1. Taking the condition of a type in the set (Gly, Ala, Ser) and either more than 30 Å from Arg180 (Cα to Cα) or in contact (Cβ under 8 Å) with a residue 40 or more places away in the chain (or both), does Ala85 pass?
2. With (1) on the phi > 0 side of the Ramachandran plot; (2) assigned to a helix (DSSP H, G or I) as the list, and Asp41 as the residue in question, which single condition is left unmet?
3. Considering every residue within region 70-78, establish whether at least one is within 13 Å of Asp141 (Cα to Cα), touching an Asp or Glu at 6+ places or on another chain (Cβ under 7 Å) and either modelled with pLDDT under 85 or part of a helix (DSSP H, G or I) (or both).
4. Kindly establish whether Val48 is in a helix (DSSP H, G or I) and of a type in the set (A, V, I, L, M).
5. Looking at (1) within 14 Å of the chain's Cα centre (by Cα); (2) on the phi > 0 side of the Ramachandran plot, find the lone condition where Val140 falls short.
6. How many residues does region 79-105 contain that are under 13 Å from Thr23 (Cα atoms) and not in a helix (DSSP H, G or I)?
7. Whether any residue in region 112-124 is in a loop (DSSP other than H, G, I, E, B), surrounded by fewer than 20 Cβ atoms within 10 Å (Cβ to Cβ) and in contact with a helix residue (DSSP H, G or I) (Cβ under 8 Å, 6 or more places away or on another chain) is what I want to check.
Amino acid sequence: MSFRLYTRRRIEGFALLAAFASTVPLANWMIGNVGTSCPPDSPCLIPVAPGLLAPSGVIVAGLAFVLRDLVQRRLGLVWTVVAIATGAGLSVLVAPPPLVLASLAAFLVSELADLSVYTPLQRRDFVLAVVASSGVGLVVDTLIFLQLAFGSTELMWGQVVGKGWMVLAAPPFIYWLRARDERQERKFAGAPA
């Protein structure tokens, strides 16, 4: 890989890392501030399907799983672990006190579950790796977060569907990214390093 292409991908990777790390505090902020309804002592809710509500942070939380995979694609496993730790640390700074432990535990365990599915699949089928690992991560995240934060999995299906929308929206971008990467590799293959 040429130095120019390597540099371009590293810059993209660090931009993705920043976006990924910001998803946790943004999701935690949204839970308390953004929604079509914000009942007292409950998360703010948004509709994610007819008759199905979820805490508003699900949209950003679903995006986190896709971004985590893209960070690993651009920067590798070590930077991905750094990104997970950074996101968890930012969660502690932003989450309301009752949500800190729930958010931290759910984020760490679900992102590591995502990583464990994505890593072996990525070389065989990048798009499948992103979708499968994100699916596993969002279910793990949902179960841990709801149980620890609210002592109930009542909003589970809303969370799964809400996060799932973001994962299902990702494949066109993932296909485009893969095709662009392949074009760039061909283009830069003949360029001097």
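The values are calculated or read from the model by the stated rules, or taken from the named source; none is laboratory data. Just so we're clear, the structure is a prediction, and the values are computed from it rather than from any experiment. As a convention, Cβ positions derive from the backbone with ideal geometry for all residues, glycine included, and neighbour counts pool all protein chains shown.
1. no
2. Answer for Asp41: the failing condition is (2).
3. No, that holds for no residue.
4. no
5. Tallying (1) within 14 Å of the chain's Cα centre (by Cα); (2) on the phi > 0 side of the Ramachandran plot, Val140 fails exactly one: (2).
6. Matching residues across region 79-105 total 1.
7. There is at least one residue in region 112-124 that is in a loop (DSSP other than H, G, I, E, B), surrounded by fewer than 20 Cβ atoms within 10 Å (Cβ to Cβ) and in contact with a helix residue (DSSP H, G or I) (Cβ under 8 Å, 6 or more places away or on another chain).
Residues are listed down the side, and each one gets a yes or a no for (1) modelled with pLDDT under 85; (2) not aliphatic (A, V, I, L, M):
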site: Glu12; (1), (2): no, yes
site: Trp29; (1), (2): yes, yes
site: Val34; (1), (2): no, no
site: Ser37; (1), (2): no, yes
site: Asp41; (1), (2): yes, yes
site: Ile46; (1), (2): no, no
site: Gly57; (1), (2): no, yes
